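The values are calculated or read from the model by the stated rules, or taken from the named source; none is laboratory data. Predicted model only: the values in this text are computed from it and were never measured. When we count neighbours, we look across all protein chains shown, and the Cβ atoms used for this are built from the backbone with ideal geometry, even at glycine. Ligands, DNA and RNA are excluded from the accessible area calculation, which covers all protein heavy atoms including side chains. Shrake-Rupley method; radii C 1.70, N 1.55, O 1.52, S 1.80 Å.
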Amino acid sequence: MAQDMAYQPLVLVDTAKLSRPEWLEYRRKGLGGSDAAAVLNLSPFRTARDLYFDKLGIVTADDQANWVALEVGNLLEPLVARIFEKKTGLKIYQRKCMFQHPHHPWMLADLDYLVTLPDGTTAILEIKTTNYNAKDKWWYNGEEIVPVYYETQGRHYMAVMNLNRVYYCCLYGNNEDEAIIRRIDRDMAYEMELIALEQDFWENNVLAKLPPPYWEDNGDLILESLRRTLGPADKDAPPISLNKAQSARVTRFLELQKEKGQRDADTKAIEAEMNRLKALIVADMGTSCSAVSEDGCTITWNPVRKSGVSKERLERLKAVHPDIYTEYVTISESRRFNIKRPNCVSMPKITTSPLTVSL
């Protein structure tokens, strides 16, 4: 799939004075850089179906549950940009607009910054923030990398802008030495495949209004997607009759569960012995919170104290102060997944993470 490489990006809209709802509506006119990872089944945050629902305005992917992290990222963006300038000596600037690919109008780009290189050419700068524990995602086997979900974003932007380099500056601490700087250069083979996959998603899913299947490998990501889409359980809904293909998943699940059970037998024996030794070590320590072995190992047995409200006190609060109870107490819904063969003992239950619904 050859394309004209002398193109310039179009400007879809000036974003300087757009409200967030207006900006989101323009984003729904195509695919942005942060959408690319979901299309490629590489996003740790959302599925392709989440993206599909967002583009149709059915269920927004604008995650307000993590609004603090989003707000921190927005507030720190100018600071991280200054760190990049200081550490690299490169000049940066902004263009507050949403760009559009002239040959693929569904490809959009809303850039953080542009960079003027010493030879007069232009590159892209993406600003990221993360926490100290997540900084290791910028290395693999000791080699410097760009996390793959950010790489797809940068390659999407290079395609829209017809530029050959993207820089990333990620702040994970509170000083300039705790900033990671990376760069990737254009890869035309990758780009052509990316464009083809994005076009297929846009035309055959979004425009055709056909939700994509759940292809993702991450079961927790799919379950979270289903929680956002389906909402709370309907206890009055009739049982679902699974077809042959769907039933095959049940059969495979049971096969894997049996296989796991066989492997867990040895693991449980080891864990039991470890727990026994742990108890004996704690007994040796008595009331002390720490100990040191002859070979220099430090053992700690520190108390963890958490405040809470007992069930009985909650019931009393509900009875005596129902207004306070209603305002502050939430209900968590956990759905248990269980498969039971006919005429046999049911399999162990699997409990998903709770969905919290305010009263």
Of the listed pairs 87/135; 55/96; 258/278; 55/209, which have alpha-carbon separations greater than 20 Å here?
-> 55/96; 258/278
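Please report, in debye to the nearest 20, how large the charge dipole of the chain is about its Cα centre when each Lys and Arg carries +1 at its beta carbon and each Asp and Glu carries -1 there.
It works out to roughly 1160 debye.
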Cβ-Cβ FRET estimate between residue 210 and residue 67, R0 fixed at 30 Å, reported to 0.05 = 0.45
With contacts defined as alpha carbon pairs under 8 Å and 6 or more residues apart, what's the relative contact order of the chain in percent?
-> 15 percent
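If r is the Cβ-Cβ distance from residue 255 to residue 227 and R0 is 25 Å, what FRET efficiency results, to the nearest 0.05?
Details: r = 27 Å, r/R0 = 1.07.
For R0 = 25 Å, the calculated efficiency reads 0.40.
Can you pull the percent of Cα pairs in region 246-310 with separation above 20 Å? Could you put the intermediate results ahead of the total?
Values: 1233 of 2080 pairs.
Counting pairs separated by more than 20 Å, the tail of P(r) holds 59 percent.
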State, to one decimal in nm, how far the label point of residue 275 lies from the label point of residue 121, with both points 7 Å from Cα in the Cβ direction.
-> 6.1 nm
Over all directions, average the projected area of the Cα convex hull of the chain and note it in nm².
-> 28.3 nm²
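State the extension gain, in nm to one decimal, for the chain segment bounded by residue 299 and residue 14, taking 0.36 nm per residue of separation less the distance between their alpha-carbons. Kindly include the intermediate steps, with their values, before the conclusion.
Working: separation 285, 0.36 × 285 = 102.60 nm, distance 5.98 nm.
Between residue 299 and residue 14, full extension yields 96.6 nm more.
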Most mobile listed residue (213, 342, 118) in the chain, GNM with C-alpha springs under 10 Å = 342
Kindly identify region 3-121 as rounded, prolate or oblate by the Cα gyration tensor criterion: order the square roots of the eigenvalues as a ≥ b ≥ c, call it rounded if a/c is under 1.5, otherwise compare a/b with b/c, prolate if a/b is larger, else oblate.
-> oblate
Would you look at the GNM of the chain, springs on alpha carbons closer than 10 Å, and say which of 207, 277, 254 moves the most?
-> 277
Hey, rough spin-label estimate for residue 79 and residue 24, points 7 angstrom out along Cα→Cβ, what's it come to in nanometres?
-> 2.7 nm
Who wins for biggest fluctuation among 205, 41, 131 in a Gaussian network model of the chain, springs between alpha carbons below 10 Å?
-> 131
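For region 141-207, what class follows from the C-alpha gyration tensor (a ≥ b ≥ c being the square roots of its eigenvalues): rounded when a/c is under 1.5, otherwise prolate if a/b is larger than b/c, else oblate? Display every interim value, and only then the final one.
Working: a/c = 2.55, a/b = 2.14, b/c = 1.19.
Taking the square roots of the gyration eigenvalues as a ≥ b ≥ c, region 141-207 is prolate.
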Estimated FRET transfer efficiency (residue 199, residue 312; beta-carbon r; R0 56 Å; 0.05) = 0.40
Using label points projected 7 Å from each Cα along Cα→Cβ, tell me how many nm separate residue 88 and residue 327, to one decimal.
-> 5.0 nm
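Expressed as cubic angstrom per residue, what is the convex hull volume of the alpha carbon set of region 165-277?
That works out to 322 Å³ per residue.
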Please list the non-local residues whose amide H lies under 5 Å from the amide H of residue 126, H modeled 1.01 Å from N, same-chain partners needing a gap of 5 or more.
-> 167, 168, 169
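Kindly report the accessible area of region 1-47 per residue (heavy atoms of protein chains, probe 1.4 Å, no ligands, DNA or RNA), in Å². Walk me through the numbers on the way to the answer.
Numbers: 2680 Å² over 47 residues.
Ligands and nucleic acids excluded, the result is 57 Å² per residue.
Return the carbon/sulfur percentage of the accessible area of region 46-137, one whole number, probe 1.4 Å, all protein chains in place.
Values: 2470 of 4770 Å².
Here it works out to 52 percent.
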